[in-house]
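Read through the structure below, which is laid out as structure tokens, and then see the notes.
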Amino acid sequence: MPDTSLLEVFDNPAPSRDYVIEHVSEEFTSVCPKTGHPDFGDVVLRYCPDKVCVELKALKLYYQSFRNEGAFYEKVTNVICDDLTEIMKPRWLVIQTQWRGRGGIRSAITATAGEVPLEYL
């Protein structure tokens, strides 16, 4: 699966405050394990950091490590959720993948960690 060693974090500049960070990646690609065709999508990451935040270049490289991986949308989304939760240990996290249409069907998958406020789901 993806290369988690690529992920890096930095100290949260405001650890005593709850605030929300949102990163959107519009160039995510992986491969369908059934057909071998490429899948294209957006990844939306929302989280409330605790002690650390994810570094953006590292996040981009981590996302790119999925490029040749054969995995269904559901697995991709849950792996990203688990990996980012493990490295950052945020107060809460939401990861949503929004996949381009293939065969007339578009998909959106959402995974969460922690107690996410309803307005961020």
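What follows is calculated from the coordinates using simple rules that are stated; it is not laboratory data. Source: prediction; values computed, not measured. Don't worry about glycine lacking a Cβ; one is built from the backbone with ideal geometry, like all the others, and counts go over all protein chains shown.
Helix 73-88 and the long axis of the chain differ in direction by around 20°, with both axes built from C-alpha atoms.
If you take the charge dipole of the chain about its Cα centre, with +1 on Lys and Arg Cβ and -1 on Asp and Glu Cβ, which of Ser5, Leu59, Tyr73 is farthest toward its positive end? Farthest towards the positive end: Tyr73.
Its DSSP H runs of at least 4 residues, each contributing -39,500 (n - 2.57), put the calculated 222 nm mean residue ellipticity of the chain at -6500 deg cm²/dmol, to the nearest 500. The lysines whose alpha-carbon is closer than 23 Å to the alpha-carbon of Lys60, local same-chain residues fewer than 8 away aside, are Lys51, Lys75, Lys89. Note on the chain: with charges restricted to the Cβ of Lys and Arg (+1) and Asp and Glu (-1), its dipole about the Cα centre is near 320 debye.
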